[in-house]
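The values are calculated or read from the model by the stated rules, or taken from the named source; none is laboratory data. Quick caveat, the model's predicted, so the values are computed rather than measured. Note that each Cβ is placed from the backbone with ideal geometry, even for glycine, and that neighbours are counted across all protein chains shown.
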Amino acid sequence: MVKFDCDYMQGAVPEILTRIASINDEQIDGYGFDGYCDSAKSKIREACGLPDADVEFMIGGTQTNMVAITATLRSFEGVIAAETGHIYVHECGAIENMGHKVISLPSHNGKLDPAEVKEYMHKFYADETYPHMVMPKMVYISHPTELGSLYTLDELKALRSICDEYKMLLYVDGARLGYGLNASNTDVTLKNLAENVDMFYIGGTKVGALFGEALVIKDKNLIPNFFSIKKQSGAVLAKGWLLGLQFDTLFTDNLYNNISRHAIVMAEKLRQGFIDKGYRMYSDSYTNQQFFILKKDKIEELKKKVSFAAWEEFDSDHRIVRFATSWATGEEDVEELLKLI
């Protein structure tokens with residue numbers, strides 16, 4: 001059976017496994033206070049063009065979002081997100097559980113419309129009773145979004161301008177960031193992203209690592225005592241060198257971009273194959289997640305030989321489905337899928 005369920009079904013790139021094995025007998029300082037973490041942070045800062053940024057290694061995406069967002073918001077502050085945003089839909093209310101409201105705005109193929117964010121903020125402060133309301137202090141976006149779409153550089157700059165006008169932070173969930181930065185139709189580079197946002201994380205779990213995310217905080221003074229906050233949140237890995245070593249490897253010899261680009265090439269082949277056979281796209285995605293509208297009987301037929309994600313109903317006869325490629329997707333798997341459809 002060929003599998004396209006998600007982008008974290010396989011372990012890690014061989015380079016990471018080799019390095020872990022090579023240092024397995026070393027005795028290494030714990031909690032991220034080690035040379036491998038230091039080296040990885042330096043490489044990430046250089047790649048981002050942020051020599052003074054704070055880089056914090058986390059274990060998973062939901063954990064990263066929860067700690068980063070709640071560490072920056074006061075008790076009466078909330079975060080704006082698209083109604084399809086991960087923190088709004090697929091994190092079991094983690095942000096709300098920490099006492100902060102997620103304020104949802106309409107999703108446009110997974111993205112926030114900067115004009116609608118500006119309109120919301122204008123109406124918020126135009127209401128004389130706003131001190132009684134949850135105050136928006138952060139804008140959350142994903143790049144790529146949950147639907148595989150990408151923000152343009154102009155859209156990022158527009159959101160940055162709005163956040164500056166209303167004294168809000170701009171935070172980017174980068175769980176699949178490698179796949180977004182290496183899409184064929186993007187004009188956003190890692191340095192562009194770093195320049196225009198306050199915080200973002202570089203996803204490792206879905207992009208070649210066994211696990212782990214690298215949170216980049218542009219102003220290292222934004223969250224004082226971050227280690228203590230991580231510890232209190234249960235987010236400190238005792239063998240922290242495992243995180244540093246993985247990112248040190250991913251950011252050596254352009255490995256992160258190379259493996260991400262492979263996933264994009266596989267996704268483009270998959271996408272074109274579906275289009276050539278007359279299938280309808282659900283979302284306009286040029287990243288590693290591809291969404292189609294399939295008949296329900298076709299889905300049941302495919303499920304016997306292919307695993308993939310069947311999402312909500314499109315109409316009485318069709319469902320929305322997702323096929324996800326990754327750094328590990330083989331061309332033979334894509335070819336087999338295309339034969340079956």
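Considering only the range 50-95, state which residues are within 25 Å of LYS191 (Cα to Cα), among the hydroxyl-bearing types (Ser, Thr, Tyr) and without any contact (Cβ under 8 Å) to a residue 60 or more places away in the chain. Don't jump to the end; show me each part of the working.
Within the range 50-95, the subset within 25 Å of LYS191 (Cα to Cα) is 50-69, 71-72, 79-82, 85-87.
Narrowing the set further to residues that are among the hydroxyl-bearing types (Ser, Thr, Tyr) leaves 62, 64, 72.
Within the range 50-95, THR62 is the sole residue that qualifies.
Those helices (runs of 4 or more DSSP H) of the range 56-99 in which 1 or more residues are hydroxyl-bearing (Ser, Thr, Tyr) and out of contact with any helix residue (DSSP H, G or I) (no Cβ under 8 Å at 6 or more places or on another chain) occupy 61-72, 86-89.
Can you tell me which residue in the range 268-289 is nearest to GLU332 (Cα to Cα), limited to those that are in a helix (DSSP H, G or I) and among the charged types (D, E, K, R)?
Within the range 268-289, the first condition is being in a helix (DSSP H, G or I), and the residues that meet it are 268-276.
Cutting the leftovers down to among the charged types (D, E, K, R) gives us 268-269, 271, 276.
Working: GLU268: 14, LYS269: 11, ARG271: 15, ASP276: 18 Å.
If we take residues in the range 268-289 being in a helix (DSSP H, G or I) and among the charged types (D, E, K, R), then LYS269 is nearest to GLU332 (Cα to Cα).
Contact map, the range 126-139: residues that are crowded, with 20+ Cβ neighbours inside 10 Å paired with residues that are assigned to a loop (DSSP other than H, G, I, E, B), Cβ distance under 6 Å, separation 6+ or inter-chain. Pairs shown: LYS137/LEU73; LYS137/MET168; MET138/MET168; VAL139/MET168.
Quick one: would you say ALA324 is in contact with a Cys (Cβ under 7 Å, 6 or more places away or on another chain) and not assigned by TED's automatic domain parsing to the domain that holds THR186? Criteria met by ALA324.
For every residue, the table says whether it meets (1) touching a residue at least 24 places away in the same chain (Cβ under 8 Å); (2) part of a strand (DSSP E or B); (3) surrounded by fewer than 18 Cβ atoms within 10 Å (Cβ to Cβ); (4) more than 16 Å from the chain's Cα centre (by Cα).
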position: ILE202; (1), (2), (3), (4): yes, yes, no, no
position: LEU215; (1), (2), (3), (4): yes, yes, no, no
position: LYS220; (1), (2), (3), (4): yes, no, yes, yes
position: LYS239; (1), (2), (3), (4): yes, no, yes, yes
position: LEU245; (1), (2), (3), (4): yes, no, no, yes
position: ASP248; (1), (2), (3), (4): yes, no, no, yes
position: ALA263; (1), (2), (3), (4): yes, no, no, no
position: MET266; (1), (2), (3), (4): yes, no, no, yes
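Restricting attention to the range 290-329 and to residues that are in a loop (DSSP other than H, G, I, E, B) and free of Cβ contacts under 8 Å to residues at least 40 places away in the same chain, the residue that is surrounded by the most Cβ atoms within 10 Å (Cβ to Cβ) turns out to be PHE314. Scanning the range 114-123 for residues that are more than 17 Å from LYS157 (Cα to Cα) and surrounded by fewer than 16 Cβ atoms within 10 Å (Cβ to Cβ) returns HIS122, LYS123. All conditions but one from (1) in contact (Cβ under 8 Å) with a residue 40 or more places away in the chain; (2) assigned to a loop (DSSP other than H, G, I, E, B); (3) within 12 Å of LYS3 (Cα to Cα) apply to VAL334; the one that does not is (2).
Return the only residue of VAL321, VAL306 being farther than 30 Å from MET66 by Cα, at pLDDT 95 or above and either in contact with a helix residue (DSSP H, G or I) (Cβ under 9 Å, 6 or more places away or on another chain) or of a type in the set (A, V, I, L, M, F, W, C) (or both). Please lay out each step first, then the result.
Working: VAL321 fails: farther than 30 Å from MET66 by Cα.
Criteria check complete, one pass: VAL306.
If you go through the range 6-37 and keep only what is within 21 Å of ILE259 (Cα to Cα) and either part of a loop (DSSP other than H, G, I, E, B) or under 22 Å from the mean Cα position of the chain (by Cα) (or both), you end up with CYS6, ASP7, TYR8, MET9, GLN10, GLY11, ALA12, VAL13, ILE16.
Among the residues of the range 114-161, write down those that are hydrophobic (A, V, I, L, M, F, W, C) and touching a Pro at 6+ places or on another chain (Cβ under 8 Å). Even if it seems obvious, please write down each step before you answer.
Start the filter on the range 114-161 by keeping residues that are hydrophobic (A, V, I, L, M, F, W, C), which leaves 115, 117, 121, 124, 126, 133-135, 138-139, 141, 147, 150, 153, 156, 158-159.
Residues satisfying the conditions are MET121, PHE124, LEU150, ALA158, LEU159.
Residue check: is ASP173 surrounded by fewer than 21 Cβ atoms within 10 Å (Cβ to Cβ), among the acidic types (Asp, Glu) and either more than 17 Å from the chain's Cα centre (by Cα) or closer than 25 Å to ALA115 by Cβ (or both)?
Details: surrounded by fewer than 21 Cβ atoms within 10 Å (Cβ to Cβ): no; among the acidic types (Asp, Glu): yes; either more than 17 Å from the chain's Cα centre (by Cα) or closer than 25 Å to ALA115 by Cβ (or both): yes.
No.
Could you list, in sequence order, all residues of the range 285-331 that are over 23 Å from the mean Cα position of the chain (by Cα) and of a type in the set (Val, Ile, Thr)?
At the first step, the residues of the range 285-331 found to be over 23 Å from the mean Cα position of the chain (by Cα) are 293-306, 313-319, 331.
Across the range 285-331, the qualifying residues are ILE293, ILE299, VAL306.
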